[in-house]
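The values are calculated or read from the model by the stated rules, or taken from the named source; none is laboratory data. Keep in mind the model is a prediction, meaning the values are calculated, not measured. Here the Cβ is made from the backbone with ideal geometry for all residues, glycine too, and neighbour counts use every protein chain on show. Just so you know, the surface numbers come from the protein's heavy atoms only, side chains and all, with ligands and any DNA or RNA stripped out. Shrake-Rupley method; radii C 1.70, N 1.55, O 1.52, S 1.80 Å.
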Amino acid sequence: MKQGDTISAVATAFGTAGIGIIRMSGENSIAIADKVFTAMNNKSLMTAPDRSVIFGHVKDANGEIIDEAIVLIMRSPKSYTMENVVEIQCHGGVEALRAVLRRTFEAGARPAERGEFTKRAFLNGRLDLSQAQAVLDIIQAKTPTALKAAENQLLGKTSSQIKKIRREILKIVAHIEALIDFPEDDVEDIVINEIDKKIELQIEEAQEILNNQHRGKLLREGLKVAIIGKPNVGKSSLLNYLTQSERAIVTDIPGTTRDVIEEFIDFRGIPLKLIDMAGIRDTDNPIEKIGINRAVSYIEDADIIFALFDISRSFSDEDSRILDLIRNRQVLILLTKSDLPAKINTMRIKEYSKEEVIPISIKTDSGIDSIFKFISKKIEKDSLEMSFVGNERESIILSDSIKHMKEARDAIEHDLGLDFVSIDLRSALELFSKLTGESVDEDVIDEIFSKFCIGK
Amino acid sequence: MFLEDRYDVIVIGAGHAGIEAALATARLGCKTLLATLSLENLAMMPCNPSIGGPAKGNLVREVDALGGEMGVAADKTCIQFRTLNTGKGFAVQALRAQADKRMYQFFMKSVCENTCNLDLKQLLIEDIITENDKIIGVTTETNETFLANAVILASGTYLGGRIIIGESIFNGGPNGQRAANKLSDSLKNCGIRLMRFKTGTPARVDGRTIDFSKMEIQCGVDENQNFSFITETPVINKAVCYLTYTNKRTHDILKKNLHRAPMANGVIEGVGPRYCPSIESKIIRFPDKDRHQLFLEPEGLGTQEFYVQGMSTSMPADVQIEFLRTIPGLENVKIMRHGYAIEYDCIDPLQLKQTLEFKNIAGLFSAGQSNGSSGYEEAAAQGIIAGINAAAFVKNTEPLILKRSEGYIGVLIDDLVTKGTDEPYRMLTSRAEYRLLLRHDNADIRLTPHAIRIGLASPERVEKFKTKITEIEVASNKLNETRITPCKEINEKLKSVDIGEIHTTMPIADLIKRPGVTYEKLRKIFDLPNISRNSAKQIEISLFYSGYIQKQSELADKMLNLEKISIPDDINYNLIQNLRFEAKEKLSKIRPCSIGQATRISGVSPADISVLIVWLKSIPKK
């Protein structure tokens, strides 16, 4: 059984390399790639030879270049899924990858579900029966609970807004449906202009969510990493090292307070918001105390804490204050200046953290790989990838629902009849319901009977 | 035990479901017994004297398109016709008619009595007989046994029927009929799960005691529309209805007596329908509403009885007369029959296949109110399908399962057997996801091919249908082939029939996509065949709304792909580790026959569906 629609997703794990791959599978994948990609030789992908590699640019709807890319075409049945498969290898890092992915959706692909490429490969007879269980495991994988990179980020943040819009549309649909199903009952008539205004309002609301949602929470805000340590422990060196060696992908986030510096970086594909708390020291100075209190709240808010201890200096009261602050928190302990002779009892520090303790040295460039491994293990890359796709999926659903609401207004404008207004709004409702996990049919009927006195 | 006779099919109950079922099996050549508690009350309408309405009118047309009788009977015996929802969109327009109850019954009885292979008998069935999970016959209260290959249960509200009028409670069926008290136990003994539902009806009052001058008159609308696609003669409006309202005094009386309302004081245990609340529930649920409308509808031409539509009640007799007399026009009204509530047993429809056959008893089918539905039209719709499939069972041929995109009948049956119901199920247009496809105007195009294939379409119906299809085809081709280019001559031609100028070359079919352009208009200025109004209407609708229709067709096709993946009967869901617990439970209970049906079960997630698809692929083909 060939699936009709074309799916698209990021095929590379996050943080592996500078190159990211978008993979599409389905009958129209080459046509879709052709819409988003312009080859250097200006030839259409539709006529490109099978299994050829084509260099060119991914462009947005206005023809602006998003990224330079290499496209690989594998025609059915000689591909992983046995469908037409296109891979777009991008070079521009996470943000560009994301933009290219979005572009494939705009051009007609839909976000792949968890394990869907493998599922298709299996259903199309590419994988052997013994692999069925593995496919099943992928599909029903438990959503990783680690950290806040939840699959449905949007729902965490804006579910109440979406539920509100859905509710308003539901009310309108129920009213129309009540009039249609019970034309001889005492249901108050609809004032079409009022309905039109209400729909317009909901379009605006949805548009606002969409605008805010353009980059997912995790990708927008990064994984919050609080860096603490006493003065001169090496915070700035670490920070400088990370920001200079890694690509800074957002520059417009201002430092929020005097004593906290924030840097947003793309740490080998994982977006991190590094928060450097300058002001932790033992003090009676009331102003500095405020700084410490603030630091405490940052620690509480952080997804991961890097606690830095200087291996070359002996353990101080400030160090033990820090150990108190990070007790029972998600911590990575970094022993700085590991190239110098150790003057610190690392055993004592290890007692405080169930997590790893990593010696690092900026000077000799050691330990950074271990930091990366630690983070990528923590966030379970899978969940990051899903959130990446999940986010785009939500954007698509939202913009599609806006489209349907606009169509409902068109139906009003052209006086097609209430039935059509309802049909368009129902399509929007179906989409909202995908986001909120509610069912439409029963809800409309329940609403009719709870709102309107109907019956012979 | 006395072996009376052998039949191919026995139908228990001669209401709207039973009649359509029995007519279908008999017409399909099965020797059929139609058993009823009372031959006087065949095709009785114990509730409102009305047929059709939104979604329900579509059901009537669909039953007709399949070769059923309801539409023909309604056209012949109804006394007032109205087309509803005329301004709301063509897909939700519906025909509704006031019936003459007695005439309707006489007509149906006469049809049954004159149908070959059909025996009509007054019998009370008390037992169904099974052998190795297969039905083999029934036994009556007079201890006669009838053997049959298939049995269709169409017992309406008669199973364990209990009538409630205030404090008066007695066993009985609707309208003073007997109840069938023993059959429920027999069903239970066969492992069938029963539910207890409730419904109700208002009082009938004496027309001579109504002051109609205080009410608003509601006339029929003379439109050339019939329920049946084979009715030739236009309908005639012979009666009117009257509209009036309750008031504060009415409500005060009801409120004062609420403690005596069986609904409120716990006497009634059955679940009643939300769309058909009694007047006392309306007062409770909508306390702010200062008036409720009611219609006085004649029960027929030859009677003074009027049905008080909107005032369904199970209040004690003294309260009924007291509150009715507060209503303008009813100050001196006399009640002829009291309103009542009726509780009855029905089966949990989740036990049925989409053919309406029980999953656990081969050859036993069920249709109508005994399946937890409500309404004459819903009953008739299930009846004809149960009949067709019982005949298919007897003859070992393909059953008929209508898809949700094919008819309201498909939606109705799929909802019942997939989602179940916790109140008497009524058809609503809002239950149909593809209602632009399920219009009442195209029911014949959707379903008559099935009737022709099965053999239920009369030669007359086949002939009419083929003519219509040919007309539509020829005219559509002509519309697409005739291309016009913008020039003075053409634009003047168009102007002569009030059609705006064209600016590009186009087939004249495109002109119909403009508001107000009809086939007839175009025929005045172009060389087009003369076709019937109905055929022209089909062409206009499919062109004008093509965008919307196409969208729904695409969605329906997508769904169809999932309906095509069938799930074997013997699948053991507990073996599929990756299904979530809730999904295993639901799937095991409902046992959907296809992936499409499985997607509609609440509690089965898209991931569960994916798992199921992969699992099905991985089990070895037999």
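What does the convex hull of the alpha-carbon atoms of the protein assembly as shown project to on average, in nm²?
Its Cα hull, projected and averaged over all orientations, spans 53.6 nm².
Expressed in nm², what is the orientationally averaged projection area of the convex hull enclosing the Cα positions of the stretch B:243-298? Walk me through the numbers on the way to the answer.
Details: hull surface 18.5 nm².
The orientation-averaged projected area of the Cα hull of the stretch B:243-298 comes to 4.6 nm².
I'd like the mean, over residues of A:117-128, of how many other protein chain beta carbons sit within 10 Å of each residue's own Cβ.
Working: counts 0, 1, 5, 0, 0, 4, 6, 1, 1, 0, 2, 1.
Average per residue, whole number: 2.
Please work out the C-alpha center-to-center distance from the stretch A:60-139 to the stretch B:566-597 and express it in whole Å.
Distance between centres, Cα-based: 30 Å.
Please report, in debye to the nearest 20, how large the charge dipole of the protein assembly as shown is about its Cα centre when each Lys and Arg carries +1 at its beta carbon and each Asp and Glu carries -1 there.
1120 debye
Among the residues of the stretch B:236-283, which ones have their accessible area go down by 40 Å² or more when all the protein chains sit together, as opposed to their chain alone (1.4 Å probe)?
At a threshold of 40 Å² (probe 1.4 Å), the residues of the stretch B:236-283 that become less exposed are B:R274, B:Y275.
At a 1.4 Å probe radius, carbon and sulfur cover how many percent of the accessible area of the stretch B:165-237?
Carbon plus sulfur share of accessible area: 48 percent.
Too long at a 22 Å Cα-Cα cut-off: which of A:K406/B:K88; A:K197/B:K56; B:K88/B:K198; B:K121/B:K359; A:K59/B:K551; B:K468/B:K495?
Among A:K406/B:K88; A:K197/B:K56; B:K88/B:K198; B:K121/B:K359; A:K59/B:K551; B:K468/B:K495, the Cα-Cα distance tops 22 Å for A:K197/B:K56; B:K88/B:K198; B:K121/B:K359; A:K59/B:K551; B:K468/B:K495.
Using a probe radius of 1.4 Å on heavy atoms only, what accessible surface per residue do you get for the stretch B:51-121? Whole Å² is fine.
Averaged over the residues of the stretch B:51-121, the accessible area is 25 Å².
Could you list, bin by bin from short to long, the percent of Cα-Cα pairs of the stretch B:436-543 in 5 Å steps?
Calculated P(r), rounded to whole percents: 2, 11, 21, 20, 16, 11, 8, 6, 3, 2, 0.
With a 1.4 Å probe, how much accessible area is buried between chains A and B, both sides summed, in Å² to the nearest hundred?
4500 Å²
Hydropathy at least 0.5 by Kyte-Doolittle, axial extent at least 27 angstrom from the Cα trace: which helices of chain B, defined as entire DSSP H runs, fit?
B:376-395
Restricting to the protein assembly as shown, what percent of DSSP beta bridges are antiparallel, rounded to 5?
65 percent
What number comes out for the charge environment of B:S186, summing +1 per Lys or Arg and -1 per Asp or Glu over other residues with Cβ under 9 Å away?
Combined, the nearby Lys, Arg, Asp and Glu give -1.
Just want to confirm a number: the relative contact order over the stretch B:357-510, from Cα pairs under 8 angstrom separated by 6+ residues, in percent. Please list the in-between numbers first.
Numbers: 133 pairs, mean separation 22.7, N = 154.
Rounded, it is 15 percent for the stretch B:357-510.
First compute the accessible area of the stretch B:300-413 with a 1.4 Å probe, then give the percent of it belonging to carbon and sulfur atoms. Walk me through the intermediate numbers first.
Values: 1410 of 2890 Å².
Carbon with sulfur: 49 percent of the solvent-accessible area.
Determine the sum of side-chain charges near B:T199: Lys and Arg each +1, Asp and Glu each -1, restricted to other residues whose C-beta is under 10 angstrom from that of B:T199.
Around B:T199, the surrounding residues sum to -1.
What's the ranking of B:458-471, B:104-117 by average number of surrounding C-beta atoms within 10 Å, highest first?
So the order, starting with the most tightly packed, is B:104-117, B:458-471.
If you roll a 1.4 angstrom probe over the protein chains with everything in place, what fraction of the accessible area of the stretch B:33-161 belongs to carbon and sulfur, to the nearest %?
It is 45 percent, rounded to a whole number.
Rounded to the nearest angstrom and ordered from largest down, what semi-axes does the equivalent ellipsoid of the stretch B:528-580 get from its C-alpha gyration tensor (root of 5λ)?
Semi-axes from the Cα gyration tensor: 45, 13, 7 Å.
Counting only heavy atoms of the protein chains, get the accessible area per residue of the stretch B:278-342 (1.4 Å probe) and round it to a whole Å² value.
Values: 2290 Å² over 65 residues.
It amounts to 35 Å² per residue over the stretch B:278-342.
Which shape class applies to the stretch B:223-372: rounded if a/c is under 1.5, otherwise prolate when a/b exceeds b/c and oblate if not, where a ≥ b ≥ c are the square roots of the Cα gyration tensor eigenvalues?
In terms of gyration-tensor shape, oblate.
How much net charge surrounds A:H57 when only other residues with a Cβ under 11 Å from its Cβ are counted (Lys, Arg +1; Asp, Glu -1)?
-3
For the stretch B:148-274, what is the accessible area per residue in Å², given a 1.4 Å probe and the full set of protein chains?
Ligands and nucleic acids excluded, the figure is 46 Å² per residue.
For peptide B:209-216, compute the average count of partner chain beta-carbon atoms within 10 Å of each residue's beta-carbon.
0
Report the far tail of the P(r) of the stretch B:298-350, meaning the percent of Cα-Cα pairs longer than 16 Å.
The answer is 52 percent, as a whole percent.
Using every alpha carbon pair in the stretch B:272-322, what percent of pairs falls into each 10 Å bin from 0 up to the bin containing the largest distance?
Each 10 Å bin holds this share of Cα pairs: 22, 47, 26, 5.
For all pairs of alpha-carbon atoms in chain B, what percent lies in each bin of width 20 Å, listed from the first bin to the last filled one?
19, 48, 29, 5, 0
Compute the accessible area of each residue in the stretch A:166-191 twice, once for its chain alone and once with every protein chain present, using a 1.4 Å probe on heavy atoms, and list those whose area falls by at least 50 Å².
Relative to the lone chain, where solvent access is computed with a 1.4 Å probe, the stretch A:166-191 loses at least 50 Å² at A:I180, A:D181, A:P183, A:E184, A:D186.
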